[in-house]
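First the structure, in the form of structure tokens, and then the observations on it.
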Amino acid sequence: MEKYVFIQTNELVHQIVKEIKELIEKKPTALLCIAGGDTPKPVMEKLVEASQNDEIDFSTCYFVGLDEWVGISKETDGSCYQTLDDYFFSKLKGVKPANICFFNGKATALDQECERINQFINKRQQIDYILLGIGMNGHLGFNEPGAEITKEAHVIELDMTTKQVMGKYFKTALPLEHGITLGLKQILNSGKIVLMATGEHKASMIAKIMNSEPTNQIPATLMKMAGSAVTLYLDQGAAQNL
Ligand code: PGA
């Protein structure tokens, strides 16, 4: 896992946008996955700008959701889908709604929902580029500590840390107990895996990840197994304990 520390967060964002642009130029039908947390929002903003300025053509790209809170969906402020839609999908030029496949956290048959997502990915073999934030407990998507490395999309019980942090996404407290998420197997199988962390509040988890052998108790450490396919991009705040 290669690690790069950027002096300015906007340089980090620029690097990721450049990589996505180059990928789409090479493969216009690329399958992309961008996490719905706070970390990737500046990347989404720059990608939107590039789309509006006709510097990146997303019209033939495919998008798959990373995760969602079970019990809510696009109509809830702060849901993963709504975040992606607000910051990204709804502002891109020429994106086809049929090319976007996102978890519905309100689906009654969640196993079928997982299967629908798995099939969307399998039809395209793999995710070409996945941009992930890192949770305060080292989770990726909702692959919480202890998540199984062999799993594809699945439902998982939310970890205590996730429940403590989740208030930042919502205007009112929501009684959410589970997440639905792409599995570590699908993440590890991606063509390019980018882990992005910004801000001092991520520094101690980043140091833990760097100093640990791969273990599913800290899911982000498992990305070390992806070798050169994975890159960790940090700003100075997130890298301060290294
Ligand atoms: P954040 O979330 O980007 O909002 O910090 C990261 C995560 O929980 O994966």
Rounded, prolate or oblate (a/c below 1.5 giving rounded, otherwise prolate when a/b exceeds b/c) for the stretch 119-242 by Cα gyration tensor: oblate
Computed over the stretch 73-155: relative contact order in percent, which uses C-alpha pairs under 8 Å that are six or more apart: 21
Hz values of 3J(HN,Hα) by residue in the stretch 86-94 - Karplus curve (6.51, -1.76, 1.60), Gly and Pro given as x: 5, 7, 9, 3, 5, 9, 7, 7, x
Candidates per trypsin sites (Lys or Arg not before Pro) in the stretch 140-238, loop by DSSP, up to 11 other Cβ within 10 Å: Lys171
Exposed GluC sites (Glu not before Pro) absent - longest run of the chain, DSSP non-H/G/I/E/B, at most 15 other C-beta within 10 Å: 76-147
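Every number here is computed from the coordinates shown, using simple stated rules; none is lab data. Not measured: the values here are computed from a predicted model. A quick note on method: Cβ atoms are made from the backbone with ideal geometry, for glycine too, and the neighbour counts reach across all protein chains shown.
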